[in-house]
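Shown next, in structure tokens, is the structure this report addresses.
The values are calculated or read from the model by the stated rules, or taken from the named source; none is laboratory data. Not measured: the values here are computed from a predicted model. Cβ sites come from the backbone with ideal geometry, for glycine too, and all protein chains shown count toward neighbours.
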Amino acid sequence: MGRSRRGVRTGQMVRIASERIHILYSLARKEAGKGDHQLMRRHVQLARRIGTRYNVRLPRDLSRATCKDCNAYLLPGATSFVRVGGGLIRTTCELCGAVRRFGLEPAGTGRIKTPQSETSISQKSQPTSTQGNGTRSKEESN
């Protein structure tokens, strides 16, 4: 007999779960802005439960925007305040007072980098055989 597929998560199930998590977090953000804290917490709670059930990891930005003590969406100025200093980012939940600390990355080691393919494409697209006045470039003359 074949093996049971009980408990197996297909790629489609994981994709749908991830979409639902993003939808619930966007709803939680709207409710945090409006001031409906009970509904905001429910959206975050459901999103976290879906992530747990389908073994979908929350993206970093969503994980850091969640108070782990009270399930609040941490929206700076509305439900939290942020302090930066001493190599740390400190986010304090205004609803329960919990503090989360995240380290700052050193300058120059940012996560967003210019892709190498863009620079190589722009260099390849420039004609090197002749310049605008019909003369050869230095690379071709050698």
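Annotations
- Checked against (1) loosely packed, with under 15 Cβ neighbours inside 10 Å; (2) free of Cβ contacts under 8 Å to residues at least 40 places away in the same chain, N55 meets all criteria but (2).
- Among the residues of region 52-66, none is identified as under 22 Å from I89 (Cα atoms) and in contact with a Lys or Arg (Cβ under 6 Å, 6 or more places away or on another chain).
- Residue check, R60 loosely packed, with under 15 Cβ neighbours inside 10 Å, closer than 29 Å to Q12 by Cβ and among the basic types (K, R): yes
- For region 71-107, filtered to residues that are small (G, A, S) and not in a strand (DSSP E or B), the residue that is surrounded by the fewest Cβ atoms within 10 Å (Cβ to Cβ) is A107.
- One residue from S129, S122, S117, S137 being in contact with an Asp or Glu (Cβ under 7 Å, 6 or more places away or on another chain) and modelled with pLDDT under 95: S129
- Qualifying residue in region 45-52 (condition: part of a loop (DSSP other than H, G, I, E, B), touching a Ser or Thr at 6+ places or on another chain (Cβ under 9 Å), farther than 22 Å from A98 by Cα and without any contact (Cβ under 8 Å) to a residue 40 or more places away in the chain): no
- Conditions (1) over 18 Å from R101 (Cα atoms); (2) surrounded by fewer than 15 Cβ atoms within 10 Å (Cβ to Cβ): number failed by K68: (1)
- Residue, nearest to L95 (Cα to Cα), within region 1-51, restricted to residues that are surrounded by 12 or more Cβ atoms within 10 Å (Cβ to Cβ) and of a type in the set (V, I, T): V44
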